[in-house]
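*Asks:* One structure coming up, written as C-alpha cells, with questions to follow.
All of the numbers you see were taken from the coordinates with simple rules; none came from a lab. All figures in this text were calculated on a predicted structure; none of them were measured in a lab. Quick reminder, even Gly has a Cβ in these numbers, built from the backbone with ideal geometry, and neighbours come from all protein chains shown.
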Amino acid sequence: MSRNLLRLFALLLLGSLAISRPLVAEEVESDSHVKMLAMAARIDALIQQRLDTENVQAAPLASDGEFIRRAYLDLVGNIPTVAQTRAYLEDNAPDKRQRLIAQLLKSPAHPTHLANTWRTLILEPTDDPLQLRNEAGMQRWLRGKFAQNLRYDRLVEEFLTATQGNNGPGYFYAAQQLKPELLAGETSRIFLGLQLECAQCHDHPFDRWKQHDFWGLAAFFAQLERPGDDNVGLARFDIVDRNQGEVTLPESEEIVPPAFPGSTANYASLGGTRRQQLAIWVVSRDNPFMPRRAVNWAWAHMMGRGIVHPADDMSPQNAPSHPELLDELTEYFIHSGFDLRLLLETIAITDTYARSSQAVADSEAPAKLFARMAVKSLTPEQLYDAMLKVGLLKGPDEALQNDGNRNQFVARMRTAGKDRTQFDTGMPQALAVMNGPPVSTATSPETSELLKALSAPFLSDQQRLNVLFLAAYSREPNQAELDRYTQFLSQVEPQQRPQALGDILWVLSNSAEFMLNH
Amino acid sequence: MNAFDISRRRFLQTSAGLLGAASCAWLPQLAAAAGSDPQRKRSCILLWMAGGPTQTDTFDMKPGHANGGEFKETETNVPGLRFSEHFAGLAKQADQLAILRGMSTKEGDHLRGTYLMHTGQRPGGPLNYPAIGASLSKAMANGESTLPNYVAVNPSTLLNSSALGPGFLGPRYAAATVGARGNAAANDPNAMADLGVDFLSLPPGLDQKRHEARLALWKEQQSQFLASHPAQAVEAQATIFQSAVKMMHPEAASAFDLSKESTEIRESYGKGTFGQGCLIARRLVERGVPFVEVTLGGNQIGWDTHTGNFPTVERLSKELDQGWSTLMRELAERDLLETTTICWMGEFGRTPTINGTAGRDHFPDAWTCVLAGGGIAGGQAHGQTNESGMEVTDGKTEVQDLLATLCKAVGVDPKTEHYSPQARPIKISEGTPIQQILG
C-alpha cells in the first residue's frame with residue numbers, strides 16, 4: 001500500500017491524531033468577549049420568552065454531528081472532513097461549541113464563503129458561465145474585505161462609491177447597466193432592506209414610499225458613466241462620476257432632485273459626488289435602515305429566516321417576529337463598531353442556533369418562533385464543494401473561483417429564490433446531480449480517493465460504513481442503517497466490494513440529509 | 001398523534017404517487033389512447049428560428065418587387081394563399097396555417113429579441129420574466145407527470161439562456177433540454193442526428209440492476225429523514241429527485257429514444273437535428289407533454305443571413321418544411337393536431353431590401369409569425385405589409401397580442417397570474433387575443 005494511502009487512513013480513522021489540536025481559546029476575558037456572551041444569553045432569553053408566551057416547547061440541542069456539519073456549512077461553506085468530525089465528537093470540553101465557532105471564523109474559508117454568499121445576494125442568479133466569470137472580480141473584492149473583517153459601514157461606503165471595475169464592485173454597476181432606477185432599487189434592497197422598486201411606476205400600494213422617494217434615491221446614481229464607453233464588450237467595468245445627469249419621473253419632464261428616502265436631510269450640504277453624498281447618509285449613525293438590515297441578514301444567514309421575513313424586505317407590513325431582539329442586536333452591532341464577524345459569532349454561540357432541526361412537538365410551531373433549527377438548501381457552491389469533499393476529490397484552490405467544472409455546475413444549479421428554507425432545484429438539475437459529475441466521480445472506485453482508502457483489507461464493514469456516514473452526514477450510522485447496509489454488502493462478491501461501497505456513497509450523496517443543511 | 005405520524009402522512013401526500021409508481025407500464029397505452037381522450041389537455045410546440053428568419057423569402061413574399069429576391073411563390077391547398085416554393089410539404093397543409101404578416105416589434109438585437117419574443121417583455125427591467133414555455137407549461141400541466149412539462153430541443157447555448165428560462169417562476173419550471181449527442185451529424189451531413197436528454201441515462205459502467213439496488217436503499221434513506229425532519233425543503237428535495245428517478249425509468253426515458261422509431265419514419269422528418277427534434281416533439285405530445293420548443297438554426301444562429309441569404313434560406317426552408325409538415329401530418333393521423341398548437345417564430349424578421357452582399361439584415365418593424373393546428377382558424381393570412389414589405393399596413397401585431405392569442409389557442413386564459421418574488425401578480429400576457437385567427 002502506498003504511503004499516501006496510509007496517510008489517508010490515519011486521516012480517516014485516527015482522526016484526532018491527524019488533525020491539529022483545536023485552538024486553545026485565548027482566555028482574554030476582554031470587554032467585547034464578555035459583552036458577546038451577555039448578548040448571546042440575551043438572545044436565548046428573548047427567544048425563550050416568546051416560546052413560553054406561545055406555549056411552545058423548544059427542540060433539544062442538536063447532536064454534535066448535526067451541529068458541526070451545520071456550523072461548517074454556515075461559516076466556512078463546506079462540510080467537515082471525517083477527521084474534523086471525529087475530533088469534535090471525541091472532544092469532551094464543555095466549551096467545545098464556542099471553540100469550534102471561533103476556530104471556523106478564523107479560517108480562510110470563512111471570508112471566501114461570505115463572499116460567495118454576498119455575491120449571490122448582490123447579483124441576480126445567472127446560469128451563464130461567462131457572467132459567472134465576470135463576477136469573479138467582485139467576489140475577490142468582497143473576500144478581501146471580509147478577510148480583514150473591515151467595519152461593515154466602511155464596506156457599504158466603499159461599495160456605494162466604488163470606481164474600480166474588475167477588482168471591485170464594478171460588475172454590479174455594469175449588471176444594472178448603470179441605470180439609476182435599477183441601481184436605486186437594488187442598493188436599497190441589499191443595504192437598506194427596502195423594496196422601493198414598486199414605487200418606480202406608482203406610489204407604493206402597501207408602504208409609505210411614494211414615486212418621488214424612489215426617483216429621489218435614483219437621482220444619486222444619475223451621474224455615472226463608464227470611461228470610454230466604447231469598450232463595453234471588453235469586460236472592463238470601471239465607473240466614473242460626472243457632474244451632470246438627472247432623472248425624470250416616467251412619462252414626464254419633471255426632474256427629481258436627489259433625496260434620502262424617509263429623511264429631510266439635505267444632500268447638497270454633504271460634499272463630494274452624488275454617490276459619496278448617498279454613502280454619507282447610508283452609513284451615518286442615525287440611519288435607521290442600514291444596521292438593522294445587516295443584523296437581519298446575519299440572523300437569516302444563520303437561522304434560515306430573518307427576524308423580519310423576507311430578510312431583504314423590511315417594510316412595515318413585514319413586522320419583526322421579535323422586535324425587541326432586533327432592536328437590541330442592532331444596538332449591539334453599532335456599538336461593536338459594525339463588526340460583522342463578531343455578530344455572526346454571537347449568533348452562532350447561542351443555544352438557539354444549536355437547536356436540533358428534528359421535529360419534536362405534536363404540532364408544528366411556526367418557523368418564526370425559532371423553536372427548532374430551519375432546514376436550509378445548500379448553495380450550488382456548497383453542494384459542489386461538499387461532493388468533492390465526500391469523495392476526497394481534488395478541487396481547485398479555495399480562494400480561486402475559476403474552476404471551469406465548478407462554474408458549470410454552479411451555473412446549472414443556481415436558483416432564483418432567495419429563501420433558503422425552500423428547495424428550488426428542478427428535475428433537470430436533479431438528473432445532473434444523480435448521473436453527472438461530481439457525484440459520479442466521487443462515488444466511482446476508480447476516481448474516489450475515499451473509496452480507494454476504504455478498499456484496505458483489514459477494515460471491517462462496520463468501520464467502512466462508519467467512515468462513509470461520517471464523510472457524508474458527519475455522524476455514525478444508526479443500528480437500522482448498519483443492519484441494512486451490512487446486509488447489502490454481504491450479498492456482494494468480494495471483487496465487487498469497492499463498487500458496492502460506491503453505491504452506498506451514491507445513496508448518501510443523493511439523499512436529503514446530505515443535500516440540505518439541517 | 002406523534003411527530004412520526006404527522007410527517008409520515010405529509011410525506012405520503014407529497015410523494016405517495018411518485019414512490020408507488022415504480023412501473024410505468026401504462027405509458028404506451030396512454031400514448032395510444034391520447035387522441036381519443038375527451039379530457040385530454042392541449043399541447044403547444046414552438047418552432048424557434050434562431051437568427052431571425054426572413055419573411056420576404058418565406059411567408060410574405062413580394063414577387064415582382066426589387067425586394068422580392070430569388071425565390072418563387074407556390075400555390076397551396078388554400079386558393080389565394082401563397083408562400084415560398086421551398087415549402088412543398090406545408091403547401092399541402094396550408095389550411096392549417098394562420099400567417100401573421102403584421103408582426104411589429106421593438107428589438108433588433110439577437111439577445112434582446114430572443115428575450116422579447118419568449119417573454120413578451122423587453123429585457124432590462126427589474127424582473128426576470130419566464131419564457132412562454134415555462135409559464136404556459138405551468139398553466140397547462142397535467143398534475144403529476146413522469147415526463148417534464150417543458151422540453152427544449154436543440155436550444156442555442158450561445159444565446160443568453162435567461163431568455164429561455166423560467167425567470168421568476170424558479171428552476172422547477174425550467175425546460176428539460178434535449179440536444180445532439182456525439183458529432184455524427186456535425187461531421188457527416190447525411191448521418192442521422194442523435195438527440196437525447198442530458199444526464200437521463202445511467203453513467204457508463206452502471207447497469208440497470210445496480211441502479212435499482214441503489215434506488216431501493218435510497219428510498220429507505222429518504223423516508224427515514226423525511227420522518228424525522230419534516231420541512232418544506234426536505235419534502236421538495238424528495239419530490240424532485242423522485243420525479244427525476246421516474247423520468248429515468250426506461251419506459252419514460254424511451255419517450256426521448258428515437259431508436260424506437262423505424263428508419264423510414266425518422267427519415268421522413270429529415271435527418272438533421274431539427275427534423276429529429278420534431279419527431280421527439282411528436283413522441284412527447286403523444287405522452288401528454290404540454291410544451292415543446294424545437295430550435296432550427298441553433299448555435300450558428302442559422303437564419304442570420306447578412307450575407308449570401310438565398311442558398312442558406314433555401315437549405316433551411318427545406319429542412320423546416322420536411323420536419324414541420326411531417327410533424328403536422330403525423331399529429332393529424334393520431335387525432336392530436338386539433339389539440340396541439342404550433343407557433344413558428346424567431347427573434348425578428350429581416351430587411352426586405354437586399355444588401356450589398358446578397359444578404360438581409362435585422363428588421364423588427366414588419367415581419368411574420370405563423371400559428372397552426374389546434375385552436376387556430378387555418379388557411380388565412382392575417383395582416384399585411386405594403387408592396388416593398390417595409391411597413392405594416394393592416395393587422396399590426398405586437399408580441400403581447402401574439403402570446404395572448406397562443407394562450408387562447410391552447411385553452412389558457414392569458415390573464416392567468418403567476419407571482420413574482422415580490423408577490424406581485426403578473427399575467428402571462430397583457431395583450432389582446434386576435435379573434436379572427438382563433439378557431
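*Asks:* Ordered by packing density, taken as the mean number of other Cβ atoms within 10 Å over each peptide's residues, highest first, how do B:73-82, B:45-54, B:191-200, A:367-376 rank?
*Replies:* On the way: B:73-82: 14.7, B:45-54: 26.6, B:191-200: 19.2, A:367-376: 22.4.
Highest mean packing first, the order is B:45-54, A:367-376, B:191-200, B:73-82.
*Asks:* Compute the length gained on full extension between B:R315 and B:D194: take 0.36 nm times their separation in residues and subtract their Cα-Cα distance, giving the result in nm to one decimal.
*Replies:* Working: separation 121, 0.36 × 121 = 43.56 nm, distance 2.02 nm.
Full extension of this stretch gives 41.5 nm more.
*Asks:* Just want to confirm a number: the relative contact order over region A:377-517, from Cα pairs under 8 angstrom separated by 6+ residues, in percent. Don't skip to the answer; put the middle values down first.
*Replies:* Details: 124 pairs, mean separation 41.3, N = 141.
It rounds to 29 percent for region A:377-517.
*Asks:* Which value, in debye to the nearest 20, describes the size of the charge dipole of region A:377-517 about its Cα centre when Lys and Arg Cβ atoms bear +1, Asp and Glu Cβ atoms bear -1, and nothing else is charged?
*Replies:* Values: 12 positive and 16 negative charges, 36 e Å.
Here the size comes out at about 180 debye.
*Asks:* Would you work out which of A:L501, A:A102, A:S455 lies farthest towards the positive end of the dipole of chain A? Charges go on Cβ: Lys and Arg +1, Asp and Glu -1.
*Replies:* A:S455
*Asks:* Across region A:59-75, in residue order, what do the Karplus-derived ³J(HN,Hα) couplings come to in whole Hz, using 6.51 cos²θ - 1.76 cosθ + 1.60 with θ = phi - 60° and x for Gly and Pro?
*Replies:* Values per residue, Gly and Pro as x: 5, x, 4, 5, 5, 4, x, 4, 5, 5, 5, 5, 5, 4, 4, 6, 9 Hz.
*Asks:* While we're looking at this one, here's another question. Under 5 Å between amide hydrogens, which residues at least 5 positions from A:V256 or on another chain qualify, with H placed 1.01 Å from N in the peptide plane?
*Replies:* For A:V256, whose amide H was placed from the backbone, the distant partners under 5 Å are A:V247, A:T248, A:L249.
*Asks:* On a straight-distance basis, which aspartates and glutamates could pair with B:K138 in a cross-link, Cα separation under 14 angstrom, same-chain partners fewer than 8 positions away excluded?
*Replies:* Within reach: B:D413, B:E417.
*Asks:* Quick one: compute a quarter of the convex hull surface over the Cα atoms of region B:240-349 and quote it in nm².
*Replies:* Values: hull surface 34.1 nm².
That works out to 8.5 nm².
*Asks:* While we're here: If you project the alpha carbons of region A:53-164 onto the principal axes, what extent comes out on each, in Å, largest first?
*Replies:* 50, 42, 31
*Asks:* So what's the back-of-envelope 222 nm ellipticity for chain A, counting only DSSP H runs of four-plus at -39500 (n - 2.57) apiece and dividing by all residues, rounded to 500?
*Replies:* Details: 26 runs with 263 residues, N = 518.
Taking each H run of at least 4 residues, the total per residue is -15000 deg cm²/dmol.
*Asks:* Pick out, from B:A152, B:P79, B:G108, the residue whose Cα sits farthest towards the positive end of the charge dipole of the protein assembly as shown, with +1 on the Cβ of Lys and Arg and -1 on the Cβ of Asp and Glu.
*Replies:* The Cα lying farthest towards the positive end belongs to B:A152.
*Asks:* Dipole of the protein assembly as shown (Lys/Arg Cβ +1, Asp/Glu Cβ -1, origin at the Cα centre): which of A:L194, A:L388, B:F291 lies farthest to the positive side?
*Replies:* A:L388
*Asks:* Just grab the label-to-label distance for B:E85 and B:L438, each label 7 Å out from Cα along the Cβ direction, in nm (one decimal).
*Replies:* That separation, rounded to one decimal, is 4.0 nm.
*Asks:* Please compute the average number of Cβ atoms from other chains found within 10 Å of each residue's Cβ in peptide A:86-93.
*Replies:* The per-residue average across the peptide is 0.
*Asks:* Over the alpha carbons of region A:280-386, what is the largest minus smallest coordinate on each principal axis, giving the biggest first in Å?
*Replies:* 47, 34, 24
*Asks:* Is the shape of region B:78-155 best called rounded, prolate or oblate, per the rule: a/c under 1.5 gives rounded, else a/b larger than b/c gives prolate, else oblate, with a ≥ b ≥ c the square roots of the Cα gyration tensor eigenvalues?
*Replies:* On the way: a/c = 2.56, a/b = 1.34, b/c = 1.91.
Since a/c reaches 1.5 but b/c is at least a/b, the shape of region B:78-155 is classed as oblate.
*Asks:* For region A:190-348, with only Lys/Arg (+1) and Asp/Glu (-1) charged at the beta-carbon, what is the dipole magnitude about the Cα centre, in debye rounded to 20?
*Replies:* Numbers: 12 positive and 22 negative charges, 67 e Å.
Result for region A:190-348 is approximately 320 debye, rounded to the nearest 20.
*Asks:* For region A:371-518, would you read off the P(r) tail past 26 Å as a percentage of all alpha carbon pairs?
*Replies:* 28 percent
*Asks:* What shape does region A:427-486 have by the C-alpha gyration tensor, where a ≥ b ≥ c are the square roots of the eigenvalues, rounded means a/c under 1.5, and otherwise prolate means a/b greater than b/c and oblate the rest?
*Replies:* Values: a/c = 2.66, a/b = 1.46, b/c = 1.82.
Oblate shape, in that a/c is at least 1.5 and b/c is the bigger or equal ratio.
*Asks:* Still on this model: For a quick check: sort B:D57, A:D44, B:D95 by the number of other beta carbons within 10 angstrom, fewest at the front. Please list the in-between numbers first.
*Replies:* Values: B:D57 28, A:D44 17, B:D95 14.
Lowest count first: B:D95, A:D44, B:D57.
*Asks:* A further question follows. Mind checking the dipole of the protein assembly as shown: about its Cα centre, +1 per Lys or Arg Cβ, -1 per Asp or Glu Cβ, Debye to the nearest 20? Show your work: numbers first, answer last.
*Replies:* Values: 89 positive and 108 negative charges, 337 e Å.
Around 1620 debye, computed over the protein assembly as shown.
*Asks:* Quick one: what do you get for chain A if you divide its Cα Rg by 2.2 N^0.38 Å?
*Replies:* Values: Rg = 24.9 Å, N = 518, 2.2 N^0.38 = 23.7 Å.
Ratio of Rg to 2.2 N^0.38 Å for chain A: 1.05.
*Asks:* Can you work out the base-10 log of I(q)/I(0) for the protein assembly as shown at q = 0.10, 0.11 1/Å, using the Debye formula on its C-alpha atoms alone?
*Replies:* The Debye formula, applied to the Cα set alone, gives -1.26, -1.43.
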